[in-house]
């Protein structure tokens with residue numbers, strides 16, 4: 001049984017959960033800063049859910065990377081050849097490396113936020129790291145489905 005189409009569809013659907021979860025977590029902390037609110041259980045849960053969704057998405061993405069016909073095609077003639085073709089470079093290098101960096105930043109933001117003792121510092125760290133991570137994610141989502149078989 002070929003699991004690639006199922007995992008690709010799951011990865012595409014989960015992208016929306018990641019984006020909505022990130023937007024919600026960032027909004028909660030922005031409002032926390034604006035209204036000088038305490039860092040509550042709701043913020044903690046929203047941040048944990050966002051990070052969990054990112055990790056699930058990364059796991060599925062890594063599996064896809066190693067079974068993807070698009071990546072196989074990109075790497076068939078060597079990395080040098082793939083780097084010369086924008087679509088192949090995107091599939092083989094840009095998408096995965098940017099997403100890993102984004103999720104690492106999101107995880108760092110979560111960890112630093114949890115370690116802080118002041119509520120405003122917690123909110124601020126979450127907003128900064130989550131926002132940078134989300135911008136990176138948005139920059140490398142393949143909105144054009146033609147990139148993926």
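Structure data summary
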| item | result |
| --- | --- |
| Nearest-ten-degree value, helix 119-139 long axis tilted from longest Cα axis of the chain | 20 |
| Rel. contact order, % - alpha carbon contacts under 8 angstrom, at least six apart, region 59-125 | 21 |
| Using alpha-carbon coordinates, inclination of helix 41-67 to the longest axis of the chain, degrees | 10 |
| Fewest-first ranking of 117, 40, using other Cβ atoms within 10 Å as the exposure measure | 117, 40 |
| Exposure proxy order (Cβ contacts within 10 Å, fewest to most) of 51, 104 | 104, 51 |
| Per-residue Cβ neighbour rank within 10 angstrom, fewest leading, 130, 66 | 66, 130 |
| C-alpha long axis of helix 4-34 to longest principal axis of the chain, angle in ° | 20 |
| Near-label residues of region 80-109 by backbone N, under 19 Å of a point 7 Å along Cα→Cβ of residue 67 | 92, 96 |
| Given (i) 17.3, 56; (ii) 22.1, 64; (iii) 18.1, 58, the label whose value is Rg and Dmax of the Cα atoms in Å derived from this model | (i) |
| Relative contact order of the chain, pairs being alpha-carbon contacts under 8 Å that are 6 or more residues apart, as % | 29 |
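The numbers here are math on the coordinates, done by the rules we state, and not lab data. Small disclaimer: the values here were computed from a predicted structure and weren't measured. Note that each Cβ is placed from the backbone with ideal geometry, even for glycine, and that neighbours are counted across all protein chains shown.
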